[in-house]
Amino acid sequence: MKKLLLIHTNTSPKPYPVPPLGLCLLAAYLATGYDTRIWDGFSQGTDGLSDFIKNWNPDYIGLGIRNIDDTVMGSGEHYVDGIIRDFIRPVRKATSAPLILGGSGFSIFPAALMELTGADYGVSGEGEQVLQQLLGDLDEGVTPEEGPNLLIKGNARTIPASRISAWNPESFPASDMDLRMDYSVYRSRGAYGVQTKRGCNHDCIYCTYPVIEGKELRIRDPDDIAEEISQLYRRTGPMMVEFVDSIFNDPPGHAEGICRSIIRKKIRMQFRTMGINPGNTSHELFDLMKDAGFTQVDVTPDSASEPVLRNLRKGFGPEDVVRTAALLRQAELPALWFFLFGGPGETEETARETIHFIEAHLHPEDMAWLSSGLRIYPGTPLHRLALQEGQIRTEDNLLFPSVFYISERVSASWLGGLISEASGRIPQCVPATQTMPPATLLTEALELRRMQKLDEPLFRTLLRLRRKGMKPEEIQVRSGSS
Ligand code: B12
């Protein structure tokens, strides 16, 4: 059997470390044809990697590039140089096996990354079938053919921006990261990723999700998802599971179905999810989520102002955002909210409207992340708008340095001022530049949670410490999730 090494190059601990779900799904999919191993750069570092490659001598090496930057304007955090320096160059030196790139970050900038890294092949978008076909060709000595999802060294510029998606939910491999690698490092602060669908059929003007996953929604059977989690529970016991879909509550009814299956099977995991779409929320959804074991949700309206939401093409209005806040409070579901200032049409007035929404409607123990500037990605409507408005030029390299869009009707410095003013005055508001809480605050929060056996979301513990500015032992907190 030929050997395939899949390397997780994402070593970022912010806001918490993310385990290599995509690589493990590929390993599971290819398990019958290849002897596949995962090298987890986060837990294993890079020191022993070259020696491991020389000893194990893999036939193929896949490197997952998940993050390009942290998408926070002004942070200067960029990961590509580090990935090339710490992973790609040493691996290249250690072996002559073909290097194959893939991953969500790679899929946004495939041609540029092929050129920059000198990799042999690149897979943009979902990897299962394209990688299988590529390895099959290489096994048989057939020259692989470039396709909409496959890039080949020296020829990468011919690839069109749009991607096909070949994934069939019926053949979805089980998410079994705990069996393929040492998951223990992620248990305390991370969350076990589970994917319930692929594709995003929304049109938010700045977003890469349809570019990475395709626009067509392909959903998995709720009972299969619950069965996968139930098996995980039997192997690992209770821990935090996170749904990693772009939007969890899409299409209507699917999230509800997943919760019902989890409830029926009496699975005692804790759940969290990113991407709650305020346009598609209801009492029923949040009650089911609460009953299924959700302890935290992320809500990403970006704005609470009508013209900005319309220009961002979010597909919902401020009334949906207000309704969602009320429903979350009623269901007692802790929520982390994300707001993004500076979109097309943003003015001082619309930005203040959003701040006002936070003050008026958020649960006092919920947190709001405030950022300004929209990262411009190639092939998105925002890219075209920024070109039209003259904010960028066609020849601009959007990969590095990271480029951000700000409405022509408001200045970046005014927005920065608004965010720091709001973060100083409203305890729930945190500037996105603080991707990680200060180390001392985090240590205090973790210690407090340990001492008082808290199972509430970490952000609530942090928020309480932040609000009171007191020592942990002086603070009385309720145990439980809200
Ligand atoms: C869920 C998610 C999160 C969750 C993760 C939770 C968890 N427990 O895993 C949370 C909220 C924590 C998060 C955080 C962040 N995220 Co995020 N996240 C996502 C999201 C929506 C899905 C990722 C996912 O798990 N997909 C499911 C898996 C199965 O798919 P996959 O990894 O893409 O793998 C498939 C293919 O890519 C391919 N593939 C993958 N690797 C390889 C390797 C090879 C060799 C091959 C051939 C193929 C291949 O095959 C796989 C199977 O089909 C993506 C957007 C998206 N739609 O992809 C953004 C995304 C990955 N995140 C992004 C960013 C920026 C971040 C943060 C930096 C944000 C921040 N400032 O905090 C942090 C970084 C966290 C960290 N420590 O790394 C960016 C990355 C691009 C960029 N600009 O750098 C994305 C693309 C969103 C965006 N803005 O466009 N994120």
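The values are calculated or read from the model by the stated rules, or taken from the named source; none is laboratory data. Small disclaimer: the values here were computed from a predicted structure and weren't measured. Glycine gets a Cβ as well: all are built from the backbone with ideal geometry, and neighbour counts include every protein chain shown.
Sort out which residues of region 171-183 are more than 12 Å from Y29 (Cα to Cα) and either surrounded by fewer than 15 Cβ atoms within 10 Å (Cβ to Cβ) or among the aliphatic types (A, V, I, L, M) (or both), and write them in order of number. Those that are more than 12 Å from Y29 (Cα to Cα) and either surrounded by fewer than 15 Cβ atoms within 10 Å (Cβ to Cβ) or among the aliphatic types (A, V, I, L, M) (or both): M177, L179, M181, D182.
Looking for something touching a Leu at 6+ places or on another chain (Cβ under 7 Å) and exposed (fewer than 15 other Cβ atoms within 10 Å of the Cβ) - is there at least one such residue anywhere in region 394-416? Yes, because at least one residue in region 394-416 is touching a Leu at 6+ places or on another chain (Cβ under 7 Å) and exposed (fewer than 15 other Cβ atoms within 10 Å of the Cβ). Note on region 383-393: residues that are surrounded by fewer than 11 Cβ atoms within 10 Å (Cβ to Cβ) and of a type in the set (K, R) total 1.
Annotation for region 94-106: at least one member residue is surrounded by 20 or more Cβ atoms within 10 Å (Cβ to Cβ), touching a helix residue (DSSP H, G or I) at 6+ places or on another chain (Cβ under 6 Å) and within 19 Å of G154 (Cβ to Cβ). Among residues of region 9-23 that are charged (D, E, K, R), those with a Cβ under 8 angstrom from a residue that is within 6 Å of the ligand (Cβ to nearest atom), sequence gap 6+ or separate chain, pair up as K14/D70; K14/T435.
Yes/no per residue for (1) in a strand (DSSP E or B); (2) crowded, with 21+ Cβ neighbours inside 10 Å; (3) more than 22 Å from the chain's Cα centre (by Cα); (4) of a type outside the set (S, T, Y):
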| site | (1), (2), (3), (4) |
| --- | --- |
| T273 | yes, yes, no, no |
| D287 | no, no, yes, yes |
| T295 | yes, no, no, no |
| P307 | no, no, yes, yes |
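Could you pull out the residue among G279, G190 that is under 30 Å from R375 (Cα atoms) and either part of a loop (DSSP other than H, G, I, E, B) or β-branched (V, I, T) (or both)? Talk me through it step by step, then tell me what you get.
Details: G279 fails: either part of a loop (DSSP other than H, G, I, E, B) or β-branched (V, I, T) (or both).
Testing whether each residue is under 30 Å from R375 (Cα atoms) and either part of a loop (DSSP other than H, G, I, E, B) or β-branched (V, I, T) (or both) leaves just G190.
For region 250-273, the set of residues classified as within 14 Å of the ligand (Cβ to nearest atom) and under 17 Å from L217 (Cα atoms) consists of D250 only.
One residue stands out among those in region 385-399 that are touching a residue at least 40 places away in the same chain (Cβ under 8 Å) and more than 11 Å from the ligand (Cβ to nearest atom): the one that is nearest to G342 (Cα to Cα), which is L385. Identification of helices (runs of 4 or more DSSP H) wholly contained in region 46-105 with 3 or more residues that are aliphatic (A, V, I, L, M) and either at pLDDT 95 or above or farther than 26 Å from P431 by Cα (or both) yields no element. The residues in region 56-74 that are more than 7 Å from the ligand (Cβ to nearest atom) and not charged (D, E, K, R) can be counted, and the count is 8. Scanning region 360-384 for residues that are of a type outside the set (S, T, Y), within 11 Å of the ligand (Cβ to nearest atom) and within 19 Å of P437 (Cβ to Cβ) returns a single hit, W369.
Regarding P19, is this residue closer than 21 Å to E228 by Cβ and at pLDDT 95 or above? For P19, the condition - closer than 21 Å to E228 by Cβ and at pLDDT 95 or above - is met. Scanning region 1-23 for residues that are under 16 Å from the mean Cα position of the chain (by Cα), crowded, with 23+ Cβ neighbours inside 10 Å and hydrophobic (A, V, I, L, M, F, W, C) returns a single hit, L23.
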